[in-house]
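The structure appears below as structure tokens.
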């Protein structure tokens, strides 16, 4: 097999999501070098880009021991992975640009998984993403000062988002559906080949909608199913709710309370500053109810817990003598 044939085969394997992790990582690095806004390219230039991409691939594949990121010319950087997909489908470049307007590709990271691969990604704000098999996300190296936005272009991912009240976190899909949060954990399943898009909330509060309307604001244990053909959303309680760990290691009671409030969408009031400064070390999971966790914490410090009738508001007091 010639070097050109090897390059074509690598690109084909990547676009069909059957490339192994090392192969996918090589292509992702090429794409990560993109730092320009997209422009329209005519058919003649597309062919030139294809030949340049193949040439760059052939050179990179010759460096088996220490592959490096290829610094492409500006127009080739713009094309990025779209130029690679052109080998398998000529219309893919136009599709890529259309689906990402008006976003730029400046400092964009592009991460995908193969059919048997799972990846864990930590973002610059401390948020964590678990990317499931046959999935793709893209995001900028640095978020803006007003929001944190990423693209889930294919597949399924679980998000554990760092709380920042002044910078909401938004996940956009190719179906023009946006999931918006401040700090919580949830999963999104959005495959192009499937009619239904799903959003499941593990902790906190999540808003889901499109440019025209907000479909729903969901809390822990709820899920939204969006029918792409009928353009209709339905909300229900998840029979198998997602669960995450809540690890409190030598944190103040004030810090533990803050995390519990975000996780369960509840209000917890502390009687005084002395209680707020108490230390807490314990491991829980959101499979447990908030009241159960608070009762355990209060028992450790001999505190008294009271709550509202609907268990949405709690108060922690010192024991009466």
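The values are calculated or read from the model by the stated rules, or taken from the named source; none is laboratory data. None of these values were measured; they are calculated from a predicted model. Note that each Cβ is placed from the backbone with ideal geometry, even for glycine, and that neighbours are counted across all protein chains shown.
Take residue 244 and tell me if it is in contact with a strand residue (DSSP E or B) (Cβ under 8 Å, 6 or more places away or on another chain), touching a residue at least 12 places away in the same chain (Cβ under 8 Å) and farther than 30 Å from residue 311 by Cβ.
No; evaluated as a whole, the condition is false for this residue.
Looking at (1) in a loop (DSSP other than H, G, I, E, B); (2) touching a residue at least 24 places away in the same chain (Cβ under 8 Å); (3) over 30 Å from residue 173 (Cβ atoms), which is the one condition that is false for residue 256?
(1)
In the set 160, 147, 172, which member is within 20 Å of residue 109 (Cα to Cα), assigned by TED's automatic domain parsing to the domain that holds residue 232 and touching a residue at least 60 places away in the same chain (Cβ under 8 Å)?
Sole residue among the options that is within 20 Å of residue 109 (Cα to Cα), assigned by TED's automatic domain parsing to the domain that holds residue 232 and touching a residue at least 60 places away in the same chain (Cβ under 8 Å): 160.
Would it be correct to say that residue 217 is outside any loop (DSSP other than H, G, I, E, B), within 24 Å of residue 108 (Cβ to Cβ) and assigned by TED's automatic domain parsing to the domain that holds residue 127?
In short, no.
If you check residue 261 against the conditions, is it surrounded by 11 or more Cβ atoms within 10 Å (Cβ to Cβ), touching a strand residue (DSSP E or B) at 6+ places or on another chain (Cβ under 6 Å), not assigned by TED's automatic domain parsing to the domain that holds residue 220 and not in a strand (DSSP E or B)?
Yes; evaluated as a whole, the condition is true for this residue.
For the subset of the stretch 153-169 comprising residues that are under 22 Å from residue 260 (Cα atoms) and in contact with a strand residue (DSSP E or B) (Cβ under 7 Å, 6 or more places away or on another chain), which member is surrounded by the fewest Cβ atoms within 10 Å (Cβ to Cβ)?
168
Output the residues belonging to the stretch 264-278 that are under 28 Å from the mean Cα position of the chain (by Cα) and part of a loop (DSSP other than H, G, I, E, B).
Of everything in the stretch 264-278, those that are under 28 Å from the mean Cα position of the chain (by Cα) and part of a loop (DSSP other than H, G, I, E, B) turn out to be 265, 266.
Which residue is nearest to residue 240 (Cα to Cα), if the candidates are limited to the stretch 279-311 and must be in a loop (DSSP other than H, G, I, E, B) and within 34 Å of the chain's Cα centre (by Cα)?
Ranking the qualifying residues of the stretch 279-311, first place goes to 287.
Suppose we keep only residues that are surrounded by 20 or more Cβ atoms within 10 Å (Cβ to Cβ) and either in contact with a helix residue (DSSP H, G or I) (Cβ under 9 Å, 6 or more places away or on another chain) or farther than 14 Å from residue 174 by Cα (or both) within the stretch 216-228. Which one would you say is modelled with the lowest pLDDT?
220
Is there a residue in the stretch 196-205 that is surrounded by fewer than 17 Cβ atoms within 10 Å (Cβ to Cβ), closer than 15 Å to residue 170 by Cα and in contact with a strand residue (DSSP E or B) (Cβ under 6 Å, 6 or more places away or on another chain)?
Checking the stretch 196-205: not a single residue is surrounded by fewer than 17 Cβ atoms within 10 Å (Cβ to Cβ), closer than 15 Å to residue 170 by Cα and in contact with a strand residue (DSSP E or B) (Cβ under 6 Å, 6 or more places away or on another chain).
Of everything in the stretch 275-303 that's surrounded by fewer than 18 Cβ atoms within 10 Å (Cβ to Cβ) and touching a residue at least 40 places away in the same chain (Cβ under 8 Å), which residue is nearest to residue 222 (Cα to Cα)?
Among those that are surrounded by fewer than 18 Cβ atoms within 10 Å (Cβ to Cβ) and touching a residue at least 40 places away in the same chain (Cβ under 8 Å), it is 287.
Please pick out the residue among 115, 157, 162, 103 that is at pLDDT 95 or above and either assigned to a strand (DSSP E or B) or out of contact with any helix residue (DSSP H, G or I) (no Cβ under 6 Å at 6 or more places or on another chain) (or both).
157
Any residue in the stretch 186-199 that is farther than 25 Å from residue 140 by Cβ and assigned to a strand (DSSP E or B)?
Checked against the condition, which is being farther than 25 Å from residue 140 by Cβ and assigned to a strand (DSSP E or B), the stretch 186-199 yields at least one hit.
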